[in-house]
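See structure below.
The values are calculated or read from the model by the stated rules, or taken from the named source; none is laboratory data. Quick caveat, the model's predicted, so the values are computed rather than measured. Neighbour counts are summed over all protein chains in view; Cβ atoms, including those assigned to glycine, are modelled from backbone coordinates with ideal geometry. In case anyone asks, the SASA skips ligands and DNA or RNA and just uses the protein heavy atoms, side chains included. Shrake-Rupley method; radii C 1.70, N 1.55, O 1.52, S 1.80 Å.
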Amino acid sequence: MEGLFDKIKKDVKKGFEEGIAAVKQGANVVSVKMNELSAERKRQYKIFNLNLKIQDQMNELGGMTYAVLDSRKSLDEDKKIKAAFAKIKKLEWQLSKIGGKRIKAVSAKKPARKKK
């Protein structure tokens with residue numbers, strides 16, 4: 001009888017150890033995947049922020065350009081416009097370094113006409 005209990009005890013211990021090893025391996029795989037997903041989300045967040053900054057700078061550039069053109073001055077002579085353009089180019093360069101693409105501004109569409 002003791003031989004049977006010893007064999008059962010060894011089998012249970014072996015199964016338990018294999019189960020623990022499988023759980024540890026699964027936990028490691030989950031940890032690696034979570035790190036990969038976290039890194040990708042961080043990259044996407046950076047891309048989103050850079051796109052927002054580019055859009056803000058373009059809006060600012062448009063306002064400055066309008067003001068200069070309204071005052072009948074030359075755009076080539078305005079240092080603020082050149083600085084804003086340079087900042088946009090720098091942001092676009094940063095975006096390209098992390099593998100992102102610039103999101104184009106969506107223009108507002110005119111409402112569709114009702115057919116009579």
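Working only within the range 1-35, note down all residues that are of a type in the set (Asp, Glu) and surrounded by 10 or more Cβ atoms within 10 Å (Cβ to Cβ). First the steps, then the outcome.
Narrowing the range 1-35 to residues of a type in the set (Asp, Glu): 2, 6, 11, 17-18.
Answer for the range 1-35, where residues must be of a type in the set (Asp, Glu) and surrounded by 10 or more Cβ atoms within 10 Å (Cβ to Cβ): 6, 11, 17, 18.
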- [ ] Could you list, in sequence order, all residues of the range 56-82 that are in a helix (DSSP H, G or I), more than 20 Å from residue 101 (Cα to Cα) and open to solvent by 60 Å² or more (accessible area, probe 1.4 Å)?
- [x] 60, 66, 69, 70, 75, 76, 77, 79, 80, 82
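Among the residues of the range 1-58 satisfying the criterion of being within 20 Å of the chain's Cα centre (by Cα) and among the β-branched types (Val, Ile, Thr), which is nearest to residue 92 (Cα to Cα)?
Let us first name the residues in the range 1-58 that are within 20 Å of the chain's Cα centre (by Cα), namely 32-57.
Checking which are among the β-branched types (Val, Ile, Thr) leaves us with 32, 47, 54.
On the way: 32: 31, 47: 10, 54: 7 Å.
The selected residue is 54.
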